[in-house]
Amino acid sequence: MSLGKQKKIGVLISKPTAEYQHDILCSIERRAASYGYYTLVYSIFGGYGKNELFVRGERMLADLPDFRNLDGILLCLDTFTDDTVVNRLLERVRMRATCPVVCVRRQYDGYHSVLVDDRNSMVGIVDHLVQEHGYRDFCYVSGPKDHPDAINRLDCFKRMMAKYEIPLGEDDIFYGDFWRNMGDAAVAELLDIRADYPDVIVCANDYMAMAVCNALADRGIKVPDEIAVTGFDDARDAETQIPSITSVRVDVEGMGRRAVDMLVSLMKNETVPTIDYVPTQVVCRESCGCKGDGLQGAAAAVRKYFESTRLADHNNMQTVFMSIDVENADNMDDLNECIYTYIFNNDDFRDFFIVLNDSDWGTVEPEDMRTFTDKVHLRTAIQETILLGHVDQVFSREDILPDEYVYDVPCGYYIVPLHFQELCYGYAMINFRDHEAPRAFFQYIITIISNVLERLRINRRMKQLVDKLSSLYISDVLTGLKNRYGFEEDSQRLFEQVKDSERTLAIISIDMDNLKGINDNYGHAQGDVALRAIANSICAACYANEQCYRIGGDEFQVLATDYTDDDVNRFYERFDAFLEDYNNRSKKPYMVYASYGHVICMGSEGRELGEWMTLSDDLMYSNKSVNKKQRSYFRDVIRNLDNEE
């Protein structure tokens, strides 16, 4: 079954292992499967610090999906922190996609959207704080000034302050970053200019609320006895914080279901509202002054904390172990064995695949590794938790995965680019049972795999360069034959093979005749031409597993295992014929000749290699002397005939 031809919904999202992303992806996949659609989640993990090369590699995500072959697209672009990749994804979708598109949590022109009702996001929490607790003195910790969610939540908060006629100045607002690292700064800016503590600090998300609680505790200020604190999003950590954080819950799973419902309706050409707002709900806990679950709630919070800590420690330990083990991987099969050992740390995983670009790591230049190739290779296949052994299956990237690995029942595949810095290697795919989504270890294992692929590429490249240098070391530049160094290496090795056996080794010595005369009369360039003619004739005469060498100026050698005298004579005949043909066709003012001699080494005779080589040279020089006399005789005969005329 071809995945490329199935009904499928593409999801573009970043940081798939984060809490919100995990929950909404599980919901999307389940809902899509109920409609008979596969889910293809294209994702990255976001940048690391100021590593611009890594960020460039993450931006390759925009080149990975085949937008023309999707039946519907869900854009979760608010999860991306890199505006460049967001703009690229939007550009690709607008240019290439012909299917309906639905945006989640962020509105973009021309598309339907499922949004958190941030217009009324602070209504419930402010009503609760004023009506249930009687608070009248408020401070507010916002997100970034230019963030849409932060803007909407702050506007709603200001409206609620106006509704209750509660004064709110700019000094009562701190602009944070939606993360945990600005708690001290927020508390200092909001409190140090005040004579009295505010009744409550309302935060635009839970992470900032937890940071504010910790900063207040560091100052010895009790929450909620002296200052109440609230958050937003109802993150899992909010429940385990001490005191537990009063928050505003967004029905994330409901949002995922609504997004798929809207997308399917659009695919059916049904009329739906342009925007579907998801309502929020206040979750009352201890930080606002409401009573918690007492000791039982605290015990549950402690258990959750220690369980999350244990899991984090386990993942860190497994990451270290895997990083050590992959150092022994010299090829893809070794890497696959290592992956198979650690992939089970991804709870509920079922299948895992690595698909690599159609590139020769030994020759491809880094500048040619900036995107995905149209033809790709499946190099890792783990299906139903079973490693399928060595695989190198070529297919079109449009198919996403070879047909035989695709299930008949719709499911979800999480697809991430494999890259080291800005070098693209291909992509990885993982599938989970029961429509689950990746957890933290998936990011760790993908990062390790990408690093190993780069090491394997460098090793392949280095080996090729070493082989090239070795080839240059043992190669004769003029003729392309191996040189004296190559001859010395091979001759000893081949001789050892036959030395203690019944096998034979033929050593054929060939010497070009009259090279000095050609050099003196026609120049060294013509001498080089003549030497190449000898080398070409030697190669043309070979018909078995002969090894050919130029070991000196006009000296050549041929080594041949399991040769008999008849084989050598056949070699001579072919050599003479090719050389004669060259002389007839070359139209040179000189003739190219050579002399030769040989021995058949018999290991049983007990001689050393040097002795055999001396015998071969002696026979060659004897032949050379005979040839010289014969050619001198014929020259004298021709000269006398010319004089008589």
Looking only at residues that are open to solvent by less than 10 Å² (accessible area, probe 1.4 Å) and outside any helix (DSSP H, G or I) in the range 506-539, which one is farthest from residue 622 (Cα to Cα)? 506
Checked the range 339-369 for anything out of contact with any strand residue (DSSP E or B) (no Cβ under 7 Å at 6 or more places or on another chain), closer than 17 Å to residue 443 by Cβ and not in a loop (DSSP other than H, G, I, E, B); matches are 342, 344, 345
With under 48 Å from the mean Cα position of the chain (by Cα), modelled with pLDDT of 95 or more and farther than 14 Å from residue 126 by Cβ as the only criterion, which of 150, 188 stands out? 188
Only one residue in 412, 362, 389 is at positive phi and either at pLDDT 95 or above or more than 16 Å from the chain's Cα centre (by Cα) (or both), so which one is that? 389
Note down all Cβ pairs under 7 Å where the first residue falls in the range 429-446 and is acidic (Asp, Glu), the second is assigned to a helix (DSSP H, G or I), and they're at least six residues apart or on different chains. 436/26
Lone qualifier among 74, 90, 129 - being over 20 Å from residue 207 (Cα atoms) and crowded, with 22+ Cβ neighbours inside 10 Å: 74
Pairing a residue in the range 176-197 that is without any contact (Cβ under 8 Å) to a residue 24 or more places away in the chain with any residue that is open to solvent by less than 100 Å² (accessible area, probe 1.4 Å), where Cβ atoms lie under 7 Å and the two sit 6 or more apart in sequence or on different chains, gives 189/174
In the range 563-590, what residues are assigned to a helix (DSSP H, G or I) and open to solvent by less than 50 Å² (accessible area, probe 1.4 Å)? 567, 568, 571, 572, 575, 579, 582, 583, 586
Every residue from the range 240-288 that is acidic (Asp, Glu) and surrounded by fewer than 19 Cβ atoms within 10 Å (Cβ to Cβ): 251, 253, 261, 270, 276
State whether the residues of the range 429-449 include one that is assigned to a strand (DSSP E or B), in contact with a helix residue (DSSP H, G or I) (Cβ under 7 Å, 6 or more places away or on another chain) and more than 30 Å from residue 27 (Cβ to Cβ). no
Please specify each residue of the range 370-387 satisfying the condition of being of a type in the set (Val, Ile, Thr), more than 21 Å from residue 424 (Cβ to Cβ) and part of a loop (DSSP other than H, G, I, E, B). 385
Just to be sure, is residue 341 under 23 Å from residue 461 (Cα atoms), open to solvent by 50 Å² or more (accessible area, probe 1.4 Å) and out of contact with any Phe, Trp or Tyr (no Cβ under 8 Å at 6 or more places or on another chain)? no
Yes or no: the range 290-301 includes at least one residue that is closer than 22 Å to residue 136 by Cα and either touching a Pro at 6+ places or on another chain (Cβ under 9 Å) or open to solvent by 50 Å² or more (accessible area, probe 1.4 Å) (or both). yes
Answer yes or no: is there a residue in the range 591-614 that is open to solvent by 30 Å² or more (accessible area, probe 1.4 Å), touching a helix residue (DSSP H, G or I) at 6+ places or on another chain (Cβ under 8 Å) and either in a helix (DSSP H, G or I) or polar (S, T, N, Q) (or both). yes
Boolean, residue 213 is at pLDDT 95 or above, of a type outside the set (Gly, Ala, Ser) and either farther than 15 Å from residue 288 by Cα or open to solvent by 60 Å² or more (accessible area, probe 1.4 Å) (or both): no
Is it the case that some residue within the range 183-203 is buried (at least 23 other Cβ atoms within 10 Å of the Cβ) and of a type outside the set (A, V, I, L, M, F, W, C)? yes
Please determine, by comparing only the residues of the range 200-230 that are outside any helix (DSSP H, G or I) and free of Cβ contacts under 8 Å to residues at least 40 places away in the same chain, which one is nearest to residue 248 (Cα to Cα). 227
Kindly indicate the residue of the range 458-497 that is open to solvent by 100 Å² or more (accessible area, probe 1.4 Å) and among the aromatic types (Phe, Trp, Tyr) and also modelled with the lowest pLDDT among those meeting that condition. 473
Hey, any hits in the range 378-399 for a residue that's among the aromatic types (Phe, Trp, Tyr) and touching a residue at least 40 places away in the same chain (Cβ under 8 Å)? no
Among (1) out of contact with any strand residue (DSSP E or B) (no Cβ under 7 Å at 6 or more places or on another chain); (2) under 30 Å from residue 133 (Cα atoms); (3) assigned to a helix (DSSP H, G or I), which single condition is residue 238 missing? (1)
Within the range 32-69, restricting to residues that are over 20 Å from residue 100 (Cβ atoms) and of a type in the set (Asp, Glu), the one that is surrounded by the fewest Cβ atoms within 10 Å (Cβ to Cβ) is 52
Using the structure shown, decide if residue 395 is over 27 Å from residue 320 (Cβ atoms) and hydrophobic (A, V, I, L, M, F, W, C). yes
In this structure, is residue 276 over 37 Å from the mean Cα position of the chain (by Cα) and modelled with pLDDT of 95 or more? yes
Checking the conditions here, which among 369, 332 is more than 24 Å from residue 53 (Cα to Cα) and open to solvent by less than 20 Å² (accessible area, probe 1.4 Å)? 332
Let me confirm something: among 237, 172, which residue is closer than 30 Å to residue 115 by Cα, open to solvent by 10 Å² or more (accessible area, probe 1.4 Å), modelled with pLDDT under 95 and not basic (Lys, Arg)? 237
Within the set of pairs 6+ apart or on separate chains, which have a first residue in the range 585-596 that is farther than 12 Å from residue 522 by Cβ and in contact (Cβ under 8 Å) with a residue 12 or more places away in the chain, a second that is open to solvent by 90 Å² or more (accessible area, probe 1.4 Å) and of a type in the set (Ser, Thr, Tyr), and C-beta atoms under 8 Å apart? 595/621
Name the residue, out of 593, 572, that is touching a strand residue (DSSP E or B) at 6+ places or on another chain (Cβ under 7 Å), within 29 Å of residue 492 (Cβ to Cβ) and at pLDDT 90 or above. 572
Give just the number: which of (1) part of a loop (DSSP other than H, G, I, E, B); (2) touching a helix residue (DSSP H, G or I) at 6+ places or on another chain (Cβ under 6 Å); (3) over 21 Å from residue 624 (Cβ atoms) does residue 543 not satisfy? (2)
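The values are calculated or read from the model by the stated rules, or taken from the named source; none is laboratory data. What you see is a predicted model, and the numbers here were worked out from it, not measured in a lab. Note that we place each Cβ from the backbone using ideal geometry, even for glycine, and neighbour counts take in every protein chain shown. What goes into the accessible areas is simple: the full protein's heavy atoms, side chains included, and nothing from ligands, DNA or RNA. Shrake-Rupley method; radii C 1.70, N 1.55, O 1.52, S 1.80 Å.
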